1. Quickly run through the range 207-245 and pick out the residues that are within 15 Å of the ligand (Cβ to nearest atom), free of Cβ contacts under 8 Å to residues at least 40 places away in the same chain and either touching a Ser or Thr at 6+ places or on another chain (Cβ under 6 Å) or among the acidic types (Asp, Glu) (or both).
2. Only one residue in GLY283, GLY261 is of a type outside the set (Val, Ile, Thr), under 18 Å from the mean Cα position of the chain (by Cα) and within 28 Å of MET17 (Cβ to Cβ). Which one?
3. Name the single residue, out of those in the range 41-72 being of a type in the set (D, E, K, R) and within 18 Å of GLU7 (Cβ to Cβ), that is farthest from the chain's Cα centre (by Cα).
4. So which of ASP290, ASP241 ends up being under 23 Å from LEU20 (Cβ atoms), in contact with a Lys or Arg (Cβ under 9 Å, 6 or more places away or on another chain) and surrounded by fewer than 16 Cβ atoms within 10 Å (Cβ to Cβ)?
5. Among the residues of the range 188-206, is any crowded, with 23+ Cβ neighbours inside 10 Å, away from the ligand (no atom under 11 Å from the Cβ) and within 30 Å of GLY23 (Cβ to Cβ)?
6. Looking only at residues in the range 164-187 that are surrounded by 24 or more Cβ atoms within 10 Å (Cβ to Cβ) and among the small types (Gly, Ala, Ser), which one is nearest to the ligand (Cβ to nearest atom)?
7. Quick one: which helices (runs of 4 or more DSSP H) sit completely within the range 195-287 and have at least 3 residues that are charged (D, E, K, R)?
Amino acid sequence: MIIIASENGRVGIVEAMHVLRCGGSALDAVETGIRLVEDNAEDETVGVGGLPNLLGVVQLDASIMDGRTRACGAVGAVRDYAHPITIARRVMEELPHVFLVGEGAERFAAEIGAERRQLLTEKAAETWRKRMLEAMSVAELERLGEDPHLRRWVGVTMDPRLAGGTVNFIAQDAEGNIACGVSTSGWAWKYPGRLGDSPVIGAGNYADNRYGAAACTGLGEMTIRAGTARSVVLYMQMGMDVEEACCQAMKDLQELRPGGGIDIIALDRHGRPAAVSNEKVGGTYVVMTDEMDTYEERPRTLVPPLVGKG
Ligand code: ASP
């Protein structure tokens, strides 16, 4: 049994392994691990601590995929609920659909009794206000909600350092089944309603017991264009090992302009992990097997973007 996660998954991975040790499924482990990250108010990129969109509203995205059947569920732009990963799992299990967004997703969350939570922390509200006032006047900020040209602020408030952040979890249980989950508050200061790759199956998340699973963090606008998570699994299907598959999927992104930071984690069907990054020198991910007392932090392989192109 093994679980791997993006580095911010460290707050949930030990408990997720406990779930597997107690006989829980890969899906249970992924959901448990991600819920703990969503509860971590210190994490400004996922769940309750997440940074808001351009209007100061937190909108969360998440997806989950079951490698046994390739069943999956996803939610996007969800407000006022603490655990989008659980809502995504229930979409998968209870509806004939894969993907719910906005009001429909919130309505479904209410129906299943999902936990409601005030999402904008004081710290996130302060960071948002400070950042907006670097770009606009107090009067402009006060009228932002009614601004007929809201799109003009997307450029000026774009801050790549704050764009990054999502949690990825992949687990393989005692029966060899694989599940993959992703949760995020998305790109800070995004245009309202913007979805990244995290809830888009095939872009930020893909799992297939026969070959393995992959999940992404970083600029979702890129991995959506390349179908990155699905590509990694397809490269494994074509015979590449898990590390080669990640590197090849990263190379597929190199031509895209404008480029951005991308990280991938992946697991093959034999439980072998790999992780790559195109910009984080010293980037890591976390790994825990059932033989370990706690998780290990391991380096990501760096696959830098092409220089001098585009
Ligand atoms: N992938 C996420 C998104 O595009 C954000 C991130 O991981 O930086 O919404």
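1. GLU221
2. Numbers: GLY261 fails: within 28 Å of MET17 (Cβ to Cβ).
Going through GLY283, GLY261 in turn, just one is of a type outside the set (Val, Ile, Thr), under 18 Å from the mean Cα position of the chain (by Cα) and within 28 Å of MET17 (Cβ to Cβ): GLY283.
3. As a first pass, look at the range 41-72 and keep what is of a type in the set (D, E, K, R): 42-44, 61, 66, 68, 70.
Add one more test, that the residue is within 18 Å of GLU7 (Cβ to Cβ), and what stays is 42-44.
Numbers: GLU42: 16, ASP43: 13, GLU44: 13 Å.
Ranking the candidates gives GLU42 first.
4. On the way: ASP241 fails: under 23 Å from LEU20 (Cβ atoms).
Checking each option against the conditions leaves just ASP290.
5. Taking every residue of the range 188-206 in turn, at least one turns out to be crowded, with 23+ Cβ neighbours inside 10 Å, away from the ligand (no atom under 11 Å from the Cβ) and within 30 Å of GLY23 (Cβ to Cβ).
6. Filtering the range 164-187 for residues that are surrounded by 24 or more Cβ atoms within 10 Å (Cβ to Cβ) and among the small types (Gly, Ala, Ser), the one nearest to the ligand (Cβ to nearest atom) comes out as GLY186.
7. Numbers: elements: 220-226, 228-237, 242-253.
The helices (runs of 4 or more DSSP H) meeting that bar are 242-253.
For every residue, the table says whether it meets (1) out of contact with any Leu (no Cβ under 8 Å at 6 or more places or on another chain); (2) more than 16 Å from ILE170 (Cβ to Cβ); (3) crowded, with 24+ Cβ neighbours inside 10 Å; (4) modelled with pLDDT of 95 or more.
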| position | (1), (2), (3), (4) |
| --- | --- |
| ARG10 | yes, no, no, yes |
| ILE13 | yes, no, yes, yes |
| ASP39 | yes, yes, no, yes |
| ARG79 | no, yes, no, yes |
| ILE85 | yes, no, yes, yes |
| GLY102 | yes, yes, no, yes |
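The values are calculated or read from the model by the stated rules, or taken from the named source; none is laboratory data. In this text, all values refer to a predicted model and were calculated from it rather than measured experimentally. Cβ coordinates were reconstructed from backbone atoms using ideal geometry, including for glycine residues, and neighbour counts include every protein chain displayed.
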